[in-house]
1. Being basic (Lys, Arg) and either over 17 Å from the mean Cα position of the chain (by Cα) or within 13 Å of DNA strand D (Cβ to nearest atom) (or both) is the filter here; which residues of region B:22-52 pass it?
2. Can you find even one residue in region A:54-63 that is within 14 Å of DNA strand C (Cβ to nearest atom), hydroxyl-bearing (Ser, Thr, Tyr) and in contact (Cβ under 8 Å) with a residue 12 or more places away in the chain?
3. In this structure, does B:Ala30 turn out to be near DNA strand C (Cβ under 9 Å from one of its atoms), closer than 14 Å to B:Leu70 by Cα, surrounded by 12 or more Cβ atoms within 10 Å (Cβ to Cβ) and at pLDDT 95 or above?
4. Looking only at region A:31-53, which residues are in contact (Cβ under 8 Å) with a residue 12 or more places away in the chain and within 14 Å of another protein chain (Cβ to nearest Cβ)?
5. Provide a single number: the residues in region A:175-201 that are free of Cβ contacts under 8 Å to residues at least 40 places away in the same chain, at the interface with another protein chain (Cβ under 7 Å from one of its Cβ atoms) and surrounded by 15 or more Cβ atoms within 10 Å (Cβ to Cβ).
6. Restrict the check to region B:10-21 and report whether at least one residue is modelled with pLDDT under 95, within 16 Å of DNA strand D (Cβ to nearest atom) and part of a helix (DSSP H, G or I).
7. For region A:92-211, give me every one of the helices (runs of 4 or more DSSP H) that falls completely inside it and has 1 or more residues that are under 13 Å from the mean Cα position of the chain (by Cα).
8. Cβ-Cβ distance below 9 Å, separation of 6 or more or different chains: which pairs start in region B:67-78 with a residue that is within 21 Å of B:Arg141 (Cβ to Cβ) and end on one that is aromatic (Phe, Trp, Tyr) and more than 16 Å from DNA strand D (Cβ to nearest atom)?
Number of protein chains: 2
Amino acid sequence: MTAVRGSSAKSRPRSRRGEGETLREDLLAATERLMIETGSADAVSIRAIADAVGVTPPSIYLHFPDKTSLILAVCERHFEVFDSTVEAAGRSTDDPVESLRRRGRAYVRFGLENPEPYRILFMTRAETAPQYDTLVGAGARAFRHLVDAVQRCIDTGAYRPVDPLIAAIGIWTAVHGVTSLLISLPDFPWPNVDALVDHVCEIQNRGLNDFVPEHQGGAS
Amino acid sequence: MTAVRGSSAKSRPRSRRGEGETLREDLLAATERLMIETGSADAVSIRAIADAVGVTPPSIYLHFPDKTSLILAVCERHFEVFDSTVEAAGRSTDDPVESLRRRGRAYVRFGLENPEPYRILFMTRAETAPQYDTLVGAGARAFRHLVDAVQRCIDTGAYRPVDPLIAAIGIWTAVHGVTSLLISLPDFPWPNVDALVDHVCEIQNRGLNDFVPEHQGGAS
DNA sequence: ACGTTGACTTATCACTGATAACTCATCCCG
DNA sequence: CGGGATGAGTTATCAGTGATAAGTCAACGT
């Protein structure tokens, strides 16, 4: 019988002895492609992935313990690029405040350009994942970069001497809030994205700068 | 065969003629309970719901077109309470700035106490849902409440005359950012939640208050 | 020439959301 | 009291999901 094999790759030549890893790479690539196409991680099925690569479903389990591990491995790659993209944006200027702003812009842009990985990394309960520890490591590193950037703003006197940790968390949550809602509620009547991000960054800067408001201005 | 019927309700007396709605209510209640128990909407299956209520799976489709509609109906209820809770918190003081702070605290608290509904309402692509329009209406109303609250801060001179719309969006995204990340990444070494929320609110207040920073303060 | 073994397949499981077709009691109308 | 009509739910079943156990088969080292 052997009905027409799905849609794409007819079949795939069996890898030679030492070259089992090539399938692993192909699986990652195909999964990433399908994730981008469908826009949702659980819309891509094990069978669709297997079919796209030209193997049978169980072959996947020779290279990944389960589906979420495969998905997470794809996201992990994105996260590396994510971190270095934000870092690069932050290093593109010497002004620490402007650097933070550029980090924020880069963060949001990356999230919007890779919504599904972003969703998986930052918008789902992550606990239960296998290779999660690796991600935690990478995440901790990225977060430390942010704390350092905030510290530089404090050192130059641009920011008042707040706790850099809580300030960094505040900035992260603010930037994540924009990214997250833009992804989740695309139908909301959002203003121009750049303007929104700039507003958020400006609020953070004004909120953290070196000025102590005595009492509110011209109230009645 | 008729194996032991799942775990709970053996069976359920057939409703009388006009009382089909009672099953609908029971379904909503059971779904809500299971959602809270399992902590995830797609961990509760149609079969589990049917079993908990004591009917067979297809009966559910007499009252809801599909599973997501059922889930959304549950979330919709939460949303009503959500909106009115935040509103009540906001009305508990006359100071408009303090009012905003209380709204923020109530928002985060509610999100953390109802993480799965919050996730479904604000952290998933919502487009594809049937009864989504209703929610959009309720959401628009809640959002308008926030804009009004911001406007009051501007009117009293507490906030400088910014665009209340973009200021409200900024506040919303900030508060959502905290809520969302606290839900998604519970293993992150968060500081005290109240302190974090207060920080976020303070940043917003300082960022929006009536003061124009000429240049940064006491730098070296 | 042969057995080991890495790479993959066949067959199947338990479960998911969903649908078509059927039963059956209740109610209204005569 | 009798007989449809119909609301309320059931039985049986479908296609698709992630996952596993057991088998196949060719390449390699000896």
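1. Let us first name the residues in region B:22-52 that are basic (Lys, Arg), namely B:24, B:33, B:47.
If the condition is that a residue be basic (Lys, Arg) and either over 17 Å from the mean Cα position of the chain (by Cα) or within 13 Å of DNA strand D (Cβ to nearest atom) (or both), then B:Arg24, B:Arg47 are the ones that fit.
2. The answer is yes, given that some residue of region A:54-63 is within 14 Å of DNA strand C (Cβ to nearest atom), hydroxyl-bearing (Ser, Thr, Tyr) and in contact (Cβ under 8 Å) with a residue 12 or more places away in the chain.
3. In short, no.
4. A:Met35, A:Gly39, A:Ser40, A:Ala41
5. The number of residues fulfilling the criteria is 5.
6. Step one: of region B:10-21, the residues modelled with pLDDT under 95 are B:10-21.
From what is left, the residues that are within 16 Å of DNA strand D (Cβ to nearest atom) are B:10-21.
In the following step, the residues that additionally are part of a helix (DSSP H, G or I) were identified as B:21.
Yes, region B:10-21 has at least one match.
7. Values: elements: A:96-113, A:115-122, A:132-155, A:164-184, A:193-208.
Answer list for region A:92-211: A:96-113, A:115-122, A:132-155, A:164-184.
8. Correct list of pairs: B:Leu72/B:Tyr132; B:Cys75/B:Tyr118; B:His78/B:Phe110; B:His78/B:Tyr118.
The values are calculated or read from the model by the stated rules, or taken from the named source; none is laboratory data. Being a predicted model, the structure only gives us computed values, none of them experimental. Quick reminder, even Gly has a Cβ in these numbers, built from the backbone with ideal geometry, and neighbours come from all protein chains shown.
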